[in-house]
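Let me begin by presenting the structure, written as structure tokens, before commenting on it.
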Amino acid sequence: MSPLSLALLGALVIPLFVATWRMSLFGLALQGLIMAALAYPGLQPMSSAESWLSIFDLALVRGLLAPLALYTVLRAQGAPSRNDVISANLFSWTLALGTVLAGFNFSEALVSEAGEQQTLVAVAVAGFLLGFLVLANATTPFSQMTAVLRIENSIALLELSGGQHSPFGLQLGMLAIFVATIGFFRWYLATLETSEGQLEAAPDSLTL
């Protein structure tokens, strides 16, 4: 396993055990940036629009824009630091580690030849399964959003492991949908906080 693949696996796993929303967003940022670093050699000599769009998607949108968009809302709201991605108990932690092992075992059935491609597929499958584990345990909208972004990043990594890239028009359309999703997530978080504030203020407004 290369250092970048190992770092990507760490970005998927460590936020599960460090229960803060900042770590969750930091993990998402690392996932995007590391995937951009993994994709960069295969995109050389960066002479096509598809190559530049791939780097823009992975490094800027997934690595910077998406985490920053959610960070600014949570910071403005003064959200509590603690955010349990999965239940804080030994069973959930064991299930998370078992999910990673299952991903690596399953990758051998998908890619028979050992190598970097098999490793990337293993990390992608593990990330995909961990995303659904987080989604199943999520108790807050923010946790659900991070779970969806984890799954989306894993799908992008699985595509990256194949070494094939979609046509420019299709890439651009998928990127537009992803950016719109991030915008919706940010809007919903801000709206949710406003609604809660109005509900808290309502009883006071009824007093004489």
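The values are calculated or read from the model by the stated rules, or taken from the named source; none is laboratory data. If you're wondering where the values come from, they're calculated on a predicted model, not measured in any experiment. FYI the Cβ positions are ideal-geometry reconstructions off the backbone, even for glycines, and counts take in every protein chain you see.
Scanning region 8-26 for residues that are without any contact (Cβ under 8 Å) to a residue 40 or more places away in the chain and part of a helix (DSSP H, G or I), which turns out surrounded by the most Cβ atoms within 10 Å (Cβ to Cβ)?
In this case the residue turns out to be Ala11.
Selection of region 76-87 for residues being surrounded by 12 or more Cβ atoms within 10 Å (Cβ to Cβ) and more than 18 Å from the chain's Cα centre (by Cα) yields Gln77, Ala79, Ser87.
With the requirement that a residue be surrounded by 15 or more Cβ atoms within 10 Å (Cβ to Cβ) and either more than 20 Å from the chain's Cα centre (by Cα) or among the hydroxyl-bearing types (Ser, Thr, Tyr) (or both), what does region 90-105 give you? Residues satisfying the conditions are Ser92, Thr99.
Just to be sure, is Ser5 more than 30 Å from Thr140 (Cβ to Cβ), touching an Asp or Glu at 6+ places or on another chain (Cβ under 8 Å) and crowded, with 16+ Cβ neighbours inside 10 Å?
Values: more than 30 Å from Thr140 (Cβ to Cβ): yes; touching an Asp or Glu at 6+ places or on another chain (Cβ under 8 Å): yes; crowded, with 16+ Cβ neighbours inside 10 Å: yes.
Against the criterion (more than 30 Å from Thr140 (Cβ to Cβ), touching an Asp or Glu at 6+ places or on another chain (Cβ under 8 Å) and crowded, with 16+ Cβ neighbours inside 10 Å), Ser5 qualifies.
Has region 78-93 got at least one residue that is of a type in the set (A, V, I, L, M), without any contact (Cβ under 8 Å) to a residue 40 or more places away in the chain, more than 16 Å from Ile182 (Cα to Cα) and not in a loop (DSSP other than H, G, I, E, B)? Taking every residue of region 78-93 in turn, at least one turns out to be of a type in the set (A, V, I, L, M), without any contact (Cβ under 8 Å) to a residue 40 or more places away in the chain, more than 16 Å from Ile182 (Cα to Cα) and not in a loop (DSSP other than H, G, I, E, B). Using the structure shown, decide if Leu135 is more than 16 Å from the chain's Cα centre (by Cα), over 21 Å from Ser5 (Cα atoms) and surrounded by 12 or more Cβ atoms within 10 Å (Cβ to Cβ). In short, no.
Exactly one residue out of Leu130, Leu170, Leu120 is at pLDDT below 90, buried (at least 23 other Cβ atoms within 10 Å of the Cβ) and in a helix (DSSP H, G or I): that is Leu120.
Would you please name the residue that is nearest to Ala126 (Cα to Cα), looking only at residues in region 141-153 that are surrounded by fewer than 24 Cβ atoms within 10 Å (Cβ to Cβ) and in contact with a Gly (Cβ under 6 Å, 6 or more places away or on another chain)?
Among them, the one singled out is Ile151.
Per this entry, Leu33 is not counted among residues that are touching a residue at least 60 places away in the same chain (Cβ under 8 Å), out of contact with any Phe, Trp or Tyr (no Cβ under 9 Å at 6 or more places or on another chain), closer than 25 Å to Ser2 by Cβ and surrounded by 14 or more Cβ atoms within 10 Å (Cβ to Cβ).
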